[in-house]
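The next block holds one structure in the form of structure tokens; read it before the comments.
The values are calculated or read from the model by the stated rules, or taken from the named source; none is laboratory data. None of these values were measured; they are calculated from a predicted model. So basically every Cβ, Gly included, is an ideal-geometry build from the backbone, and we count neighbours across all protein chains shown. In case anyone asks, the SASA skips ligands and DNA or RNA and just uses the protein heavy atoms, side chains included. Shrake-Rupley method; radii C 1.70, N 1.55, O 1.52, S 1.80 Å.
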Amino acid sequence: MIRGDGVSGRGTDRIVIRGASGWWISGVLAALFAYLLIDAAVRAEWAIVLLSLPWMGVVLLVCWMLLIRPCVIVAPATLTVVNVFRTHTIPWHEVAELHVRYQLVVELTDGTAIRAWGSPTVRPRRDREADVSTSHRSRAFVGVVEAIDHARDDVGRAPTGEAATVSVAWLPLLALALAVALGVTAAGLLL
């Protein structure tokens, strides 16, 4: 479930916070690319279709990597910061401070600073009727730090003894390399 205020979630065990613009930008690009490919296919310009398809895939994959994949996931035991290539899973007991400096910065108890590329700037709702009488999920958030605090209250708190982990997303890199290789191969064969 994705809401217009930049907060989305699956179930009650975690809440995903990301910018909403990535979805509509990707959708507009995909619709434009589909129109161009269908137009070329109707005109029987198969060389253009074969040359364009891998590069359109590269652009959509880069759009996904930069605009949709980055997010912040709030769970009872951890705060997960998903960036373009790395995913940081941080237990709450290691989070010292959250603050915004052009983007969300998570400071750990050991002094390490992790920047969240995909954290939106959550704006307050215009209507003033959204007050304490509504549930936490429909409250008007002031900023991303407050959104994380409210989301953490919503999912609850669970003790954990885990350590922070960092993982690298190799699959998007592999897909990007494959799409570029297909584009270069198609260009070499058809031009």
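Results, tabulated for the structure shown:
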read-out	value
Sorted peptide list for 69-77, 165-173, 104-112, criterion being average Cβ within 10 angstrom, highest first	69-77, 104-112, 165-173
E45 - accessible surface, heavy atoms, 1.4 Å probe, Å² rounded to 10	90
Simple label model, 7 Å out from Cα along Cβ direction - A169 to W46, nm	3.6
Virtual spin-label span in nm between I38 and L182, 7 Å along Cα→Cβ	2.0
Accessible area (Å², 1.4 Å probe, nearest 10) - D13	90
Solvent-accessible surface ranking, highest first, for L178, L36 at 1.4 angstrom	L178, L36
Loop chymotrypsin sites (Phe, Trp or Tyr not before Pro), the stretch 52-95 (other Cβ atoms within 10 Å of the site Cβ: 16 or fewer; DSSP)	F85
Area of L37 that stays accessible when all protein chains are in place (1.4 Å probe, Å², to 10)	40
Extension gain, E162 back to R86 (0.36 nm per residue minus Cα-Cα distance, nm)	25.5 nm
Most to least accessible of H99, H93 (protein chains only, probe 1.4 Å)	H93, H99
Residue-span extension gain [W24 to T112] - 0.36 nm each, minus C-alpha spacing	28.3 nm
